[in-house]
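Visitor: Quick one: structure below, then a few questions.
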Amino acid sequence: MKRQVPIFLVFLCGLTMVIQFFVPHDYSDVLFQYANDFVIVIGILALPVGIYSLMKNTVNKAMRDPKERIFSALTILGFLVMIVAGLKREWFASSTSLSSNMFNYVLVPAQATLFSMLAFYIASAAYRAFRARTVLAAVLLVTAFVVMLRLIPLPEPVATWNAEFVRWILEVPNMAAKRAILIGVALGAITYSTKILLGIERAYMGTD
Amino acid sequence: MAERKSKAWYDRMLSVDRRWIYLIMGLAVVVPVIWEMYIPVTESSEVRDVYEFSDDVTDGEIVLLAIDYDPSTMAELHPMTEAILRQVWRNGGRVLLSSLSQFGPAMADEILTRIAGEMDVEYGVDYVFLGYKPYPAITILAMGADFRVPFPTDYYGNNVDELPMMEGVHNFDDVEGVIALASGTAADYWITYGNAKYGVPVALGVTGVMASDYYPYLQSGQLFGLIPGIKGAAEYEQMAGIRGEGARGIPYQTTSHAVILFFIVMTNVAFFARRAAQRRR
Amino acid sequence: MEGATTGELFWGGIAALVTLAIFSFLYKDNPVFKVVERIWVGVTTGYWTMLLYHTSFTDKVITPIFERGQYFYLFPVILGILMWFRLSKTYGFLARYSLAFYIGISTGIFIPLTIKTAILYQLHGTIRPIEPTWTGLMFALAFIGIICSLSYFFFSKEHKGLLGVSSKIGIYTLMIGFGTGFGLTVMGRVALLGQRVSFLHDYIASLLGALF
């Protein structure tokens, strides 16, 4: 019961959706519509599990390490402020409310700045690791160099040649490489999904 | 100290403190921001295709603009949103917006409030913001059936049926196409679940990091256009005659790319000099 | 931020402090960075919780069941609640029923659409008549690149002979693809930094404008 029923359910639901794809009919469209809607509802109700886990980890961390307490308290405070500030839908959706201001002036700058630091790390990586140690590495390096050169104002006709060459790189070898990866990944994903439908792959169920 | 003195020039170059690299990189960005300038960009066909599509959205026609990015990528994608909104509204077109990123709605609301105020367009008539739903793939599929399935109410809590613009607008058949400004897997979902399932024309605005991955879809015709990163945004603004954040970004892109290219050259010169010295020894 | 109000200057000041606090990590990890980072985690989670509540839970659970009387929505609600048992060691297995429903539907939709998008349409784009023109030549080159790159991923046979040659061409093609990716990545990362610097520049200018 603990394993066989879920495996059967996966097979049944999956097969129904595959058949629905090939049989366009009003009934199958209604089925498809409700199946989608039900999945959204399940997903919405599953998300509190993630929020609970984050809060539990924060509290546990604070219990274990006294130095962490102030930081954990700030996480919980930030969480509670946003809950209270967004309790009513008009507060939450208003562009001048506390909730919106916290979003625009705390969340946005913090997240944007965290990711902006990658510019420094990529510069450091370019300096420390981007070396033509082998022919393959040299091919990668030269390609990246030519692509980046497109943002430098070069004298004519070099600028036009470079722009044309980059266009060729993007549309021919880059396209070929990315398409091969795309097809390869798709074949892998389809195989994996088929194994799930047939009950061969069961990792998603976890252990008893 | 003695050991430091005995180091060859190439060894010193190859082991430079990372903070010097950070400082040079920081200056390469700060200086062009302070001394504002304008550098024109070469235009590409994939951006022009999106521009021409948006330019044809006129006289009450509707384009679906998907705000599927978050603050970590807004630097590249927000200028695209702004330019597209201005262009479509300028031509009398209407915009239906949705968001599949959890941070998209508030950013969309911010930009809509700002630009709608400037351009004198009315909510519910010239644009509707459907809001956010989790699980992008399922949401796109549900939108294909009827926008009301995933979004019975809009972001502000209004019943979608009560908004004048939504009269007779049910699914992808009722919009001219989708321009998805996406920073993650939502871009793939629009291709797989929007284009392949429902046949709606899709164009993408993506980050520079993602851009090269979407050329196969462009070649196969699954995408009708692509705006790649901040350069794509600057190209779009140039075509639309808008001076926005995309164009503002090009000068520091130029200086920082020059710095990185310089780093690559220098580190390789030092690397080959060391290799030659080791061989001689 | 031209002609900013006191409120905008106040909140802009908070955003500027948040930006500088995060940048301080570039020197080294420090308590100021940690304070802002932790507040950000809390604010993010709180925002997301309320977003889900207002835009999803209300629309998809409260309205259909309590306002429209569509009681069959109780079925996915029960399945959704079963997901919470994932946190229990004893009743964790109950979450599998809802997970099975979710995975079954998602997988059933995914398989045919992925075959169509990532295989059939891609093959359709690859296999076309080759004309004796410049475009035709480029098309042939791309075709060779794709076949060779795919052969690099074929591990059922040793990469020797013809397969060895094609996989060699394949890996070079892939390297060009990765190089292109890196070249464009720099643009993305720098854009983020530039945006933050532009924000600080604009804020300082508006603050000075308001003060003097």
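The values are calculated or read from the model by the stated rules, or taken from the named source; none is laboratory data. Only a predicted model underlies this, so the values are computations on that prediction, with no experimental measurement involved. Virtual Cβ from ideal backbone geometry, glycine too; neighbours counted across all protein chains shown. Areas reflect the complete protein model, heavy atoms only, side chains present, ligands, DNA and RNA absent. Shrake-Rupley method; radii C 1.70, N 1.55, O 1.52, S 1.80 Å.
Visitor: Looking at B:G117 and the list (1) over 28 Å from B:A234 (Cβ atoms); (2) assigned to a helix (DSSP H, G or I); (3) at pLDDT below 90, which single condition is not satisfied?
Guide: Checking B:G117 against (1) over 28 Å from B:A234 (Cβ atoms); (2) assigned to a helix (DSSP H, G or I); (3) at pLDDT below 90, the one that fails is (1).
Visitor: For segment A:159-188, which residues satisfy the criterion of being more than 7 Å from every other protein chain (Cβ to nearest Cβ) and of a type in the set (S, T, N, Q)?
Guide: Those that are more than 7 Å from every other protein chain (Cβ to nearest Cβ) and of a type in the set (S, T, N, Q): A:T160, A:N162.
Visitor: State whether the residues of segment B:251-274 include one that is under 20 Å from B:M107 (Cβ atoms) and within 8 Å of chain C (Cβ to nearest Cβ).
Guide: Kept after step one, since they are under 20 Å from B:M107 (Cβ atoms), are these residues of segment B:251-274: none.
Scanning segment B:251-274 turns up no residue that is under 20 Å from B:M107 (Cβ atoms) and within 8 Å of chain C (Cβ to nearest Cβ).
Visitor: Check B:R94 against each of (1) open to solvent by less than 10 Å² (accessible area, probe 1.4 Å); (2) over 30 Å from B:L261 (Cβ atoms); (3) not aliphatic (A, V, I, L, M) and name the one condition it does not meet.
Guide: So B:R94 meets the others, but not (1).
Visitor: Another question, if that's okay. Could you check how many residues of segment B:241-275 are open to solvent by 40 Å² or more (accessible area, probe 1.4 Å) and assigned to a helix (DSSP H, G or I)? Can you show your working first?
Guide: The initial filter retains those residues of segment B:241-275 that are open to solvent by 40 Å² or more (accessible area, probe 1.4 Å), namely B:241, B:243, B:245, B:248, B:255, B:258, B:262, B:265-266, B:269, B:272, B:274-275.
Those still in the list that are assigned to a helix (DSSP H, G or I) too: B:245, B:248, B:255, B:258, B:262, B:265-266, B:269, B:272, B:274-275.
Matching residues across segment B:241-275 total 11.
Visitor: Right, here's the next one. Can you confirm whether segment C:58-67 contains a residue that is touching a Phe, Trp or Tyr at 6+ places or on another chain (Cβ under 8 Å), open to solvent by 40 Å² or more (accessible area, probe 1.4 Å) and more than 7 Å from every other protein chain (Cβ to nearest Cβ)?
Guide: Applying the first criterion (touching a Phe, Trp or Tyr at 6+ places or on another chain (Cβ under 8 Å)) to segment C:58-67 yields C:59-61, C:64-65.
Now drop any that are not open to solvent by 40 Å² or more (accessible area, probe 1.4 Å), which leaves none.
Looking through segment C:58-67, none of the residues is touching a Phe, Trp or Tyr at 6+ places or on another chain (Cβ under 8 Å), open to solvent by 40 Å² or more (accessible area, probe 1.4 Å) and more than 7 Å from every other protein chain (Cβ to nearest Cβ).
Visitor: For segment B:221-232, which residues satisfy the criterion of being within 9 Å of chain C (Cβ to nearest Cβ) and surrounded by 20 or more Cβ atoms within 10 Å (Cβ to Cβ)?
Guide: Step one: list which residues in segment B:221-232 are within 9 Å of chain C (Cβ to nearest Cβ), which gives B:221-222, B:228-231.
Across segment B:221-232, the qualifying residues are B:Q222, B:P228, B:G229, B:I230, B:K231.
Visitor: Name the pairs: first residue in segment C:38-51 and more than 7 Å from chain A (Cβ to nearest Cβ), second residue among the polar types (S, T, N, Q), Cβ to Cβ under 9 Å, at least 6 apart or on different chains?
Guide: Close Cβ pairs (under 9 Å, with a partner that is among the polar types (S, T, N, Q)) amount to C:W48/B:Q102; C:L51/B:Q102.
Conditions (1) of a type in the set (S, T, N, Q); (2) open to solvent by 30 Å² or more (accessible area, probe 1.4 Å), marked per residue:
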residue: C:K34; (1), (2): no, yes
residue: C:E37; (1), (2): no, yes
residue: C:V43; (1), (2): no, no
residue: C:G46; (1), (2): no, no
residue: C:T49; (1), (2): yes, yes
residue: C:G80; (1), (2): no, no
residue: C:R86; (1), (2): no, yes
residue: C:Y91; (1), (2): no, yes
residue: C:Y97; (1), (2): no, yes
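Visitor: Can we say A:G206 is more than 22 Å from the chain's Cα centre (by Cα) and touching a residue at least 40 places away in the same chain (Cβ under 8 Å)? It would help to see each step written out before you state the result.
Guide: Working: more than 22 Å from the chain's Cα centre (by Cα): yes; touching a residue at least 40 places away in the same chain (Cβ under 8 Å): no.
Considered against the rule, which asks whether it is more than 22 Å from the chain's Cα centre (by Cα) and touching a residue at least 40 places away in the same chain (Cβ under 8 Å), A:G206 comes out as no.
Visitor: Residue by residue through segment C:129-186, note down the ones that are within 34 Å of the chain's Cα centre (by Cα), open to solvent by 80 Å² or more (accessible area, probe 1.4 Å) and closer than 21 Å to A:T134 by Cβ.
Guide: C:F153, C:K168, C:F178
Visitor: So which residues in segment B:175-203 are of a type in the set (D, E) and closer than 15 Å to B:L97 by Cβ? Before the answer, list the steps.
Guide: Going residue by residue through segment B:175-203, those that are of a type in the set (D, E) are B:176, B:188.
Listed by number, the list holds a single entry, B:E176.
Visitor: Considering only segment A:93-104, how many residues are within 7 Å of another protein chain (Cβ to nearest Cβ) and at pLDDT below 90?
Guide: 2
Visitor: Can you find a residue in segment A:32-41 that is open to solvent by 30 Å² or more (accessible area, probe 1.4 Å), more than 7 Å from every other protein chain (Cβ to nearest Cβ), farther than 25 Å from A:Y192 by Cβ and without any contact (Cβ under 8 Å) to a residue 12 or more places away in the chain?
Guide: yes
Visitor: Just one of B:E61, B:E76, B:E82 is charged (D, E, K, R), more than 22 Å from B:V206 (Cβ to Cβ) and in contact (Cβ under 8 Å) with a residue 60 or more places away in the chain; which is it?
Guide: On the way: B:E76 fails: more than 22 Å from B:V206 (Cβ to Cβ); B:E82 fails: more than 22 Å from B:V206 (Cβ to Cβ).
Checking each option against the conditions leaves just B:E61.
Visitor: Which one is most open to solvent (accessible area, probe 1.4 Å), of the residues in segment A:165-184 that are of a type in the set (V, I, T) and within 22 Å of C:G183 (Cβ to Cβ)?
Guide: Here is the first cut: in segment A:165-184, the residues of a type in the set (V, I, T) are A:166, A:169, A:172, A:181, A:183.
Those left that are additionally within 22 Å of C:G183 (Cβ to Cβ): A:166, A:169, A:172, A:181.
Details: A:V166: 2, A:I169: 7, A:V172: 14, A:I181: 49 Å².
Top of the filtered list is A:I181.
Visitor: Here's a follow-up. Which ones in segment B:78-88 are over 17 Å from C:G194 (Cβ atoms) and either touching a strand residue (DSSP E or B) at 6+ places or on another chain (Cβ under 7 Å) or open to solvent by 20 Å² or more (accessible area, probe 1.4 Å) (or both)?
Guide: Correct list: B:T81, B:I84, B:L85, B:R86, B:V88.
Visitor: Please indicate, with yes or no, whether at least one residue in segment B:200-218 is touching a Ser or Thr at 6+ places or on another chain (Cβ under 7 Å), within 14 Å of chain C (Cβ to nearest Cβ) and open to solvent by 10 Å² or more (accessible area, probe 1.4 Å).
Guide: yes
Visitor: Six or more apart or on different chains, Cβ atoms under 6 Å: show the pairs whose first residue is in segment A:43-59 and buried (at least 17 other Cβ atoms within 10 Å of the Cβ) and whose second is of a type in the set (S, T, Y) and not in a helix (DSSP H, G or I).
Guide: A:G43/B:Y135
Visitor: Moving on. If B:Y156 passes every condition in (1) buried (at least 21 other Cβ atoms within 10 Å of the Cβ); (2) within 12 Å of chain C (Cβ to nearest Cβ) but one, which one does it miss?
Guide: Among (1) buried (at least 21 other Cβ atoms within 10 Å of the Cβ); (2) within 12 Å of chain C (Cβ to nearest Cβ), B:Y156 violates only (1).
Per-residue answers, yes or no, for (1) in contact with an Asp or Glu (Cβ under 9 Å, 6 or more places away or on another chain); (2) β-branched (V, I, T); (3) within 14 Å of chain C (Cβ to nearest Cβ); (4) open to solvent by 20 Å² or more (accessible area, probe 1.4 Å):
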| residue | (1), (2), (3), (4) |
| --- | --- |
| B:D17 | no, no, yes, yes |
| B:V31 | no, yes, yes, yes |
| B:P40 | no, no, no, yes |
| B:E46 | no, no, yes, no |
| B:V57 | yes, yes, no, no |
| B:D68 | no, no, no, no |
| B:E76 | no, no, yes, no |
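Visitor: Could you go through segment C:142-153 and let me know if any residue there is assigned to a helix (DSSP H, G or I) and closer than 16 Å to B:A196 by Cα.
Guide: Filtering segment C:142-153 for residues assigned to a helix (DSSP H, G or I) gives C:142-152.
Narrowing further to those that are closer than 16 Å to B:A196 by Cα: none.
Within segment C:142-153, not a single residue is assigned to a helix (DSSP H, G or I) and closer than 16 Å to B:A196 by Cα.
Visitor: Tell me, please, whether a residue that is in a helix (DSSP H, G or I), touching a Lys or Arg at 6+ places or on another chain (Cβ under 7 Å) and facing chain C (nearest Cβ under 7 Å) can be found in segment A:2-17.
Guide: yes
Visitor: Now for a separate question. Can you name the condition, by its number, that B:D173 falls short on among (1) within 28 Å of C:G108 (Cα to Cα); (2) open to solvent by less than 10 Å² (accessible area, probe 1.4 Å)?
Guide: (2)
Visitor: Any idea which of (1) at the interface with chain C (Cβ under 7 Å from one of its Cβ atoms); (2) over 24 Å from C:R86 (Cα atoms); (3) within 26 Å of the chain's Cα centre (by Cα) is the one A:I51 doesn't satisfy?
Guide: A:I51 satisfies all of (1) at the interface with chain C (Cβ under 7 Å from one of its Cβ atoms); (2) over 24 Å from C:R86 (Cα atoms); (3) within 26 Å of the chain's Cα centre (by Cα) except (2).
Visitor: Right, next: Hey, can you tell me all the residues within segment B:10-40 that are farther than 15 Å from B:I250 by Cβ and outside any helix (DSSP H, G or I)?
Guide: B:S15, B:V16, B:D17
Visitor: Also, I was wondering about something else. Confirm whether C:T117 is under 27 Å from B:G194 (Cα atoms) and either loosely packed, with under 13 Cβ neighbours inside 10 Å or within 29 Å of the chain's Cα centre (by Cα) (or both).
Guide: Working: under 27 Å from B:G194 (Cα atoms): yes; either loosely packed, with under 13 Cβ neighbours inside 10 Å or within 29 Å of the chain's Cα centre (by Cα) (or both): yes.
In short, yes.
Visitor: Related question: One residue is enough: does segment A:66-75 have a residue meeting the conditions facing chain C (nearest Cβ under 7 Å), farther than 29 Å from C:G80 by Cβ and either surrounded by fewer than 19 Cβ atoms within 10 Å (Cβ to Cβ) or in contact with a Gly (Cβ under 8 Å, 6 or more places away or on another chain) (or both)?
Guide: Taking every residue of segment A:66-75 in turn, at least one turns out to be facing chain C (nearest Cβ under 7 Å), farther than 29 Å from C:G80 by Cβ and either surrounded by fewer than 19 Cβ atoms within 10 Å (Cβ to Cβ) or in contact with a Gly (Cβ under 8 Å, 6 or more places away or on another chain) (or both).
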